[in-house]
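The values are calculated or read from the model by the stated rules, or taken from the named source; none is laboratory data. As the structure is a computational prediction, the values presented were derived from the model and not from experiment. Because the Cβ atoms are built from the backbone with ideal geometry, glycine has one as well, and the counts that use them run over all protein chains shown.
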Amino acid sequence: MAGVPVRGAAVNDLEGTELPLVDIIDRLLERGVVLAGGAVISVAGVELIELRLNVLLAAVDALERAERERPLP
Amino acid sequence: MSLLVRAIVRSQDALRAATPEMVVVQADGIAALATPCADKPPLTEAELRTHDAITRRIHDGAASLPSRFGQVFADEDALARALRGRESALAASLQSVGPRVELHVTLDWRRSHAAPDASDASTGRGYLEALAVRERERREAEQVVARLTEQLPTERAFIRTVICPRDGVAAIVAILSTRDEVISVRQAVESFGERSSEITALVRGPLPPYTFAS
């Protein structure tokens, strides 16, 4: 499966601190090396070929959650 | 079973960087590290965080280019063909980035920033005023970033910036750093944030070089 378990302490010395979800989405869906023209990701059972669309759909849910978690100014 | 690409490494580093769960696909001087997956990997927070953790572990073991999430290939042959098609560019990028790591800096405005959305304006004047506020905020953010980068011990080519990515955030700055420089870069950024009356600076990392891998 896609979610291969990550093993123990050897995970990284690149810091174990979790990034906020909004930054995870920004980094992992918009950056990083691209080998093929697009990506196939399933969102709620719907197959999406166009990565930009994925970003938008992901962002809606993730940003709503991020906003809820964000402290008020 | 399809293959979900995790990262690209040099061929000589592939076996060292891979874990037993991974499939290594070689193409000339580079190799892709991938994991078996369903045809359509679900886009969930857990899957994204797993990908993040795997790419961190790979980059900790060897210089790598982390893959954008969601790149699936039907089998090893398909992945090898894609690798061969970009071998020279990827090898050059690997050479350029090397074992450097990325620091992810978020510059948040100190003051409350509720810049109006021009698309919400009900009049032409309101629309133009909202645009002007947005533009002024962008200019201020650019000036903040310029002052920050002047104080970093980092080549300008290794700094990438997104200005005003969302409300309340002046900029996100990605800094590519050697591991030896991480502490000094972090201190420079944090010191800048502490002295600034405009922004706070939050440094996360070191992380795999996503911003510099594409």
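If only one of B:ALA146, B:ALA141 is among the aliphatic types (A, V, I, L, M) and free of Cβ contacts under 8 Å to residues at least 12 places away in the same chain, which one is it? Please lay out each step first, then the result.
On the way: B:ALA141 fails: free of Cβ contacts under 8 Å to residues at least 12 places away in the same chain.
Exactly one of B:ALA146, B:ALA141 is among the aliphatic types (A, V, I, L, M) and free of Cβ contacts under 8 Å to residues at least 12 places away in the same chain, namely B:ALA146.
When segment B:2-32 is examined, which residues are found to be under 30 Å from A:VAL22 (Cα atoms) and either free of Cβ contacts under 8 Å to residues at least 12 places away in the same chain or in a loop (DSSP other than H, G, I, E, B) (or both)? Once the filter is applied, which keeps residues that are under 30 Å from A:VAL22 (Cα atoms) and either free of Cβ contacts under 8 Å to residues at least 12 places away in the same chain or in a loop (DSSP other than H, G, I, E, B) (or both), segment B:2-32 yields B:ALA18, B:THR19, B:GLU21, B:MET22.
Residue count for segment B:3-38, restricted to those that are at the interface with another protein chain (Cβ under 7 Å from one of its Cβ atoms) and under 18 Å from B:ARG68 (Cα atoms): 6.
Looking for whichever is at pLDDT 90 or above, crowded, with 19+ Cβ neighbours inside 10 Å, part of a helix (DSSP H, G or I) and among the polar types (S, T, N, Q) here; the options are B:THR50, B:THR35. Which one fits? Full working, then the answer.
Details: B:THR35 fails: part of a helix (DSSP H, G or I).
Only one candidate passes the filter, namely B:THR50.
For segment B:51-68, a residue qualifies if it is in contact with a Pro (Cβ under 8 Å, 6 or more places away or on another chain), facing chain A (nearest Cβ under 7 Å) and not charged (D, E, K, R), and the qualifying residues are B:HIS59, B:LEU65, B:PRO66.
Among the residues of segment B:112-130, is there at least one that is free of Cβ contacts under 8 Å to residues at least 24 places away in the same chain, of a type in the set (Phe, Trp, Tyr) and assigned to a helix (DSSP H, G or I)? Looking through segment B:112-130, at least one residue is free of Cβ contacts under 8 Å to residues at least 24 places away in the same chain, of a type in the set (Phe, Trp, Tyr) and assigned to a helix (DSSP H, G or I). Could you say whether any residue in segment B:68-75 is touching a residue at least 40 places away in the same chain (Cβ under 8 Å) and within 30 Å of B:ILE199 (Cβ to Cβ)? Yes, segment B:68-75 has at least one match. Against the definition (modelled with pLDDT of 95 or more, surrounded by fewer than 21 Cβ atoms within 10 Å (Cβ to Cβ), among the hydroxyl-bearing types (Ser, Thr, Tyr) and not in a helix (DSSP H, G or I)), how does B:THR154 come out, yes or no? Considered against the rule, which asks whether it is modelled with pLDDT of 95 or more, surrounded by fewer than 21 Cβ atoms within 10 Å (Cβ to Cβ), among the hydroxyl-bearing types (Ser, Thr, Tyr) and not in a helix (DSSP H, G or I), B:THR154 comes out as no.
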